[in-house]
Structures are given as structure tokens and as C-alpha cells.
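**Student:** Shown below is the structure under consideration.
The values are calculated or read from the model by the stated rules, or taken from the named source; none is laboratory data. Quantities reported herein were computed from a predicted structural model and do not represent experimental measurements. Here Cβ is always computed from backbone atoms with ideal geometry, including for glycine, and neighbour counts include all displayed protein chains.
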């Protein structure tokens, strides 16, 4: 049945609407989540149309020149490959970012972390030039967004993966901030804990630490969606046995310093924010330690703030 459905998609003479119905049926049979939405987004990508244009061509015959690419992408989606890797693009904070299997696909909930940091900057230090460090930058979505939204700030982006850093730099070039952002290859805070007093890089003290590190417990990997488990980089996903190793490491580094960043902002996994918030409160360096929920109402982010 699956082979017949896919073979039908290769046959000329079907309208755009009929091809979409065939694709939806095919992906549904393969238990692809949101089969209709995925099929439509792939079609928009292949035909290089927006949704309004697609609807205008609803009853037209699907162009034969695009059939081979259309079926190839349907086959890949049927195997579970993330749509963003197939189209090479993901959206974050209203901007398109190029993504490859070298980097995690930016998630909508991470926009809430960025928005919370921006809100606190505008509330407490609207006129200051702040230095912001994004640890584990991946595609560069966080660091590039912060640089674009706070152009007075000095942003540093780091990652353990040289391939991820290269991808982030390509995205920064797209938005003309590659030369503005500093790029550092290294493991968490190790490149920045140098003077025993505060986080710094090239003599510049770091005011704000933002990080969306790997936080999936090792044992949970087997239960993740196949799109994540089989395609996204495990280096950027697994945070040790309980998922908290990166936070332990970063807070251990911070405890060696006499002066802490004004803001420490982390994204975490389910059930983790309360634990890490407790660790931050025990350090006693910040006036507030807030937990922020995501769109599903799940505790997702921590914001530790020192107002002076």
C-alpha cells in the first residue's frame, strides 16, 4: 500500500491538491506526526510558494519537473528526518536560521528564554553596554538574536563543536553580525574562568551568561521522537545520567569566582528547573531566581538576576 501511494505521487496528471492528499496519506501510514502539516510545508518548499499562492494553484496539475524532488523529500520525511534539515531552515524569533545535522533545531520555547533576558536588560540596564556570553550556541539562534535585538551589547558565542560554530558564523554572516560577535571553541565555561574574579574573555568581563546546554538524561534518549533520536546531534542533547552534568559543571566554575554575572539564564528539561534553581539560591549571589514556564505550562527556564 505504501509503495503504491508513493508510486502514485510520481505519476503525472494529479492536481496540487491531489498530490497533497496522497502525501498526507503516505505520511499518516508511516505514523509521522502532523502528517498534513508536514506534507504541506514540504510542498511549499518544493514549489517555492507561500500558502496563499499554493491555494491559488490548488486545482492545477502538479508540475512534472518537481515530481522527483517531491517524492524524494516525502521518502525522507517518512523515515523520520526533521523537516528543518530537509529544507535547511528553521525560524527563531521571527528570523530564518540555516540548520544542518551539525546543530540542534531551534525550538519555539527557547524564544521565551531570549525574551526574558531582553526584558531584564531593558528593565535594569537600558543604557549600558553589556557583555553577553551564549554557551553552547549551536546554530547561533540565541547569540545572533541577542546581538540584533541589543546592538549595543557585546556578544560572545561558544560551542564545543567546531562544526556548530562554523554554522553559527554562517548564520551571523546572513544577518551581518559575524564580525561583531566573538566566537570561541571550548567546553562550557572553561575558556572564560581565567582570573579567579569573574567570567571574562580577552580582558572583558561577562555580565550575562545564557545557555541552552545538553539536558536529556542518557536513559531517556531511547524514548525520544525518532526525529530527535536518530537525526539531531547527540553531543548537543545528552547531559549525563540525569541530564544535569552541564549545569553542575558551570555552577562549579562560577563558585570559584568572587564576582558573578548579573544574569544567569538557563534552559532545562522537564523536572530540572527546581533543582538547578535551588543550587543557584544556595550560592546566594543573585537577588532573584525565577522559574519561567514554556508554552505548554512546563517549567523550562531559570533566570537568576543581580540588580546592582
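**Student:** For the stretch 130-144, indicate whether the set of residues that are modelled with pLDDT of 95 or more and more than 25 Å from residue 269 (Cβ to Cβ) is non-empty.
**Tutor:** Looking for residues that are modelled with pLDDT of 95 or more and more than 25 Å from residue 269 (Cβ to Cβ), one finds at least one in the stretch 130-144, hence yes.
**Student:** Would you mind stating whether residue 110 is assigned by TED's automatic domain parsing to the domain that holds residue 199 and over 24 Å from residue 270 (Cβ atoms)?
**Tutor:** No, not satisfied.
**Student:** Sort out which residues of the stretch 274-298 are in a helix (DSSP H, G or I) and within 15 Å of residue 250 (Cα to Cα), and write them in order of number.
**Tutor:** 275, 276, 277, 278, 279, 280, 281, 282, 283, listed by residue number.
**Student:** Output the residues belonging to the stretch 98-122 that are without any contact (Cβ under 8 Å) to a residue 60 or more places away in the chain, surrounded by fewer than 19 Cβ atoms within 10 Å (Cβ to Cβ) and farther than 17 Å from residue 208 by Cβ.
**Tutor:** 107
**Student:** Testing residue 127 on (1) at pLDDT below 95; (2) under 26 Å from the mean Cα position of the chain (by Cα); (3) in the same structural domain as residue 167 (by TED's automatic domain parsing), one condition comes back false. Which one is that?
**Tutor:** Unmet condition: (2).
**Student:** Looking at residue 46, is it surrounded by 14 or more Cβ atoms within 10 Å (Cβ to Cβ) and in contact with a strand residue (DSSP E or B) (Cβ under 7 Å, 6 or more places away or on another chain)?
**Tutor:** Answer is no for this residue.
**Student:** Follow-up. Of the conditions (1) in contact with a helix residue (DSSP H, G or I) (Cβ under 6 Å, 6 or more places away or on another chain); (2) within 22 Å of residue 94 (Cα to Cα), residue 173 satisfies every one except a single condition; which number is it?
**Tutor:** Residue 173 satisfies all of (1) in contact with a helix residue (DSSP H, G or I) (Cβ under 6 Å, 6 or more places away or on another chain); (2) within 22 Å of residue 94 (Cα to Cα) except (1).
**Student:** If you don't mind, there's one more thing I want to ask. Restricted to the stretch 205-223, and to residues that are more than 18 Å from the chain's Cα centre (by Cα) and in a strand (DSSP E or B), which residue is farthest from residue 99 (Cα to Cα)?
**Tutor:** Out of the qualifying residues, it is 205.
**Student:** Would you please list the contacts, defined by Cβ atoms under 6 Å and residues six or more apart or on different chains, that run from a residue in the stretch 72-94 that is without any contact (Cβ under 8 Å) to a residue 24 or more places away in the chain to a residue that is assigned to a helix (DSSP H, G or I)?
**Tutor:** Pairs found: 76/86.
**Student:** Give the stretch 83-94 a look and list any residue that's farther than 14 Å from residue 40 by Cα and in contact with a helix residue (DSSP H, G or I) (Cβ under 7 Å, 6 or more places away or on another chain), or say none.
**Tutor:** Hits for the stretch 83-94 are 85, 90, 92, 93.
**Student:** Being over 24 Å from residue 235 (Cα atoms) and either without any contact (Cβ under 8 Å) to a residue 40 or more places away in the chain or part of a strand (DSSP E or B) (or both) is the filter here, so list the residues in the stretch 179-204 that pass it.
**Tutor:** 179, 180, 194, 195, 200, 201, 202, 203, 204
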